[in-house]
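Worksheet for the structure shown next.
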Amino acid sequence: MALRNFRRTARRGLSPTMVRLVTAIFVLQLVSSALVILFLRGQMLDVVRLDRERQVTDVRDDLLAAYYDGGHQELAEFITARRGSAADPAVFIALIGQGQPVLSNLVRVPEIPLAARPQNVVVRRGPDLPPSEGLALVGQLPDGERLIVGVVSLTERRIDVAFASTAELTIGVAVLMALLSAAVVGFVISRRTHLIAETAAELASGNFGARVPIEGTGDGFDHLRQQMNVMAERIGELVGQLSAVSGALAHDLRSPVARLSAAIDLALARVEEPRASEALQAARADADALRAMLETALEISLIEGGAVEDRRRPHDLAAVAEDLVELYDPLAEQLNVRLEVLLEPVTAPADRELVSRALANLIDNALKYGGNAVLVTTRAVLDVDGMSWAEIAVEDNGPGIPLADRARVVERFVRLDDARTRPGVGLGLAMVAAVARLHGGSFMLGDPSAEGPSGGKGLVATLRLPA
């Protein structure tokens with residue numbers, strides 16, 4: 001059972017809606033993770049750039065202090081000797097304007113316009129070294145010379161290398177966490193919605209005592225559960241009142257109908273005139289039909305209200321079907337209908353009397369409204385959730401029932417136009433549906449298979465019970 005529930009949950013989790021939801025959550029989390037990583041990298045680079053700009057400014061101030069202390073000669077010696085802040089190997093300096101340029105950590109003077117703030121520049125620091133990126137500040141001294149002070153962006157490159165080297169690991173972790181969180185969120189949402197849907201299915205099957213468990217979280221799902229339970233309780237009350245009224249009406253009418261039948265019998269015994277006798281016979285037939293209708297309606301009310309004794313025992317439905325077919329064989333021969341069976345032994349906990357009544361109604365309908373061939377089958381099936389079911393099906397090759405009418409023919413007192421000229425009150429299929437609901441099963445009306453004995457014509461009425 002646990003494995004079956006796991007498979008059912010897994011299949012529901014893989015539904016198109018849940019796949020789209022999980023994919024959306026995954027993409028959003030992945031994009032947000034990428035944006036956070038890029039933002040973090042940008043912030044780190046901004047901090048490093050500000051530090052580099054501050055370093056360039058400090059070196060320039062030291063150089064200007066040397067210039068104002070000893071002029072051009074002192075500044076040139078400061079640069080050549082790489083004293084103070086100029087000793088940093090990442091710092092490059094150029095003094096141009098009077099004679100040969102004075103360079104530090106440079107092989108060629110870069111072309112940089114005058115600006116108030118450091119600018120990005122590409123410089124060559126040595127004949128055997130590749131070009132390097134850096135920040136440089138250009139200023140003009142009072143004697144007309146230009147002083148270029150810059151610093152190589154070594155830290156920025158290290159950050160880029162570090163981000164590049166950890167990008168695969170970062171993306172892998174982000175993808176894994178996004179998938180995991182999306183799957184968890186999808187599973188939680190799927191479990192909650194399917195729990196509500198299962199309760200709705202129980203209500204639709206006639207189990208008005210079904211309720212959705214309240215978790216007390218106070219969220220939208222909890223509010224939906226509460227309203228669902230309120231609705232279920234109200235529907236149960238209304239249906240209970242309706243069933244009570246219809247059941248009481250059917251019960252109260254039984255006595256007057258019985259007295260009417262007795263009065264008709266008494267009149268038949270005393271009347272000798274042929275016409276009067278025929279009229280009384282017709283009245284007696286109508287009274288019998290009315291009594292049968294009331295008894296069936298009362299029985300359906302009892303079944304749907306759960307007022308019948310639980311007499312479910314393991315039965316071989318093939319044996320039940322075989323007995324019913326044998327009982328209806330003479331009527332089939334009289335109607336010139338070929339009644340056949342294809343029975344596979346299948347055992348299910350069932351109320352034999354009620355299942356026999358339901359199957360009798362299906363066979364009787366097939367003989368009345370079907371064609372010249374009726375096939376009764378039993379078999380065991382597994383649904384998509386791995387649950388075992390026992391099916392009894394009655395197939396005919398008659399005109400069938402239009403698809404638009406199949407949902408309403410299982411309601412009480414519903415008869416299609418082409419059936420109003422024949423005996424019946426429209427309770428047979430309602431009885432079958434009530435028996436199916438009592439057993440926790442279902443009743444379905446479908447089209448026969450084109451490869452079957454009816455060649456795709458007629459109707460298949462299937463009573464499915466839990467095995």
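The values are calculated or read from the model by the stated rules, or taken from the named source; none is laboratory data. Computed from a predicted model, the values in this text were never measured in an experiment. As a convention, Cβ positions derive from the backbone with ideal geometry for all residues, glycine included, and neighbour counts pool all protein chains shown. With ligands, DNA and RNA removed, areas are computed over all heavy atoms of the protein, side chains included. Shrake-Rupley method; radii C 1.70, N 1.55, O 1.52, S 1.80 Å.
Listed values, structure above:
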| read-out | value |
| --- | --- |
| Sites ILE214 and PHE187, calculated FRET efficiency, Cβ-Cβ separation with R0 25 Å, nearest 0.05 | 0.80 |
| Placed amide H near GLU145: partners under 5 Å, 5+ positions off or other chain | none |
| Residues with amide H under 5 Å from that of LEU342, placed H, sequence gap 5 or more | VAL376, THR377, THR378 |
| For region 364-371, 3J(HN,Hα) per residue [Karplus equation, 6.51 cos²θ - 1.76 cosθ + 1.60, θ = phi - 60°, Hz, x = Gly/Pro] | 4, 5, 5, 5, 6, 10, x, x |
| Label-point gap, in nm, between VAL230 and ALA282 - each point 7 angstrom along Cα→Cβ | 5.6 |
| Estimated FRET transfer efficiency when R0 is 60 angstrom, pair ARG352-LEU28 (beta carbons, to 0.05) | 0.55 |
| Area accessible to solvent at MET387, 1.4 Å probe radius, in Å² | 60 |
| Rg in Å to one decimal, and Dmax rounded to a whole Å, for region 98-151 via C-alpha atoms | 11.4, 35 |
| Heavy-atom SASA rank of THR23, THR57 (probe 1.4 Å, accessible area, largest first) | THR23, THR57 |
| LYS457 - accessible surface, heavy atoms, 1.4 Å probe, Å² rounded to 10 | 130 |
| Per-residue SASA entry for GLU198, accessible area with 1.4 Å probe, Å² rounded to 10 | 70 |
| Phi-based couplings in Hz for region 337-350 (Karplus 6.51, -1.76, 1.60; Gly and Pro marked x) | 10, 7, 9, 10, 10, 9, 9, 10, x, 8, 9, 8, x, 8 |
| Segment ALA90-VAL271, length gained on full extension (0.36 nm per residue, minus Cα span) | 52.0 nm |
| Ranking by accessible area, most exposed first, for VAL271, VAL394 with a 1.4 Å probe | VAL271, VAL394 |
| Rounded to whole Hz, the Karplus (6.51, -1.76, 1.60) HN-Hα couplings of region 58-65, x for glycine and proline | 5, 5, 4, 5, 5, 5, 5, 5 |
| Percent carbon-and-sulfur accessible area, region 76-142, ignoring ligands, DNA and RNA, probe 1.4 Å | 52 |
| Carbon plus sulfur fraction of accessible area for region 345-387, probe 1.4 Å, in percent | 55 |
| Nearest-0.05 FRET efficiency for GLU77 and LEU45, computed from C-beta distance (R0 25 Å) | 0.10 |
| For VAL374, net neighbour charge (Lys/Arg +1, Asp/Glu -1) across residues whose Cβ lies under 9 Å away | -2 |
| Inter-label distance for ARG108 and ILE37, nm, one decimal - labels placed 7 Å from Cα along Cα-to-Cβ | 3.7 |
| Linear extension gain, GLU333 paired with ALA116, 0.36 nm per residue minus alpha-carbon span | 67.0 nm |
| Volume per residue of the C-alpha convex hull in region 332-453, rounded to whole Å³ | 131 |
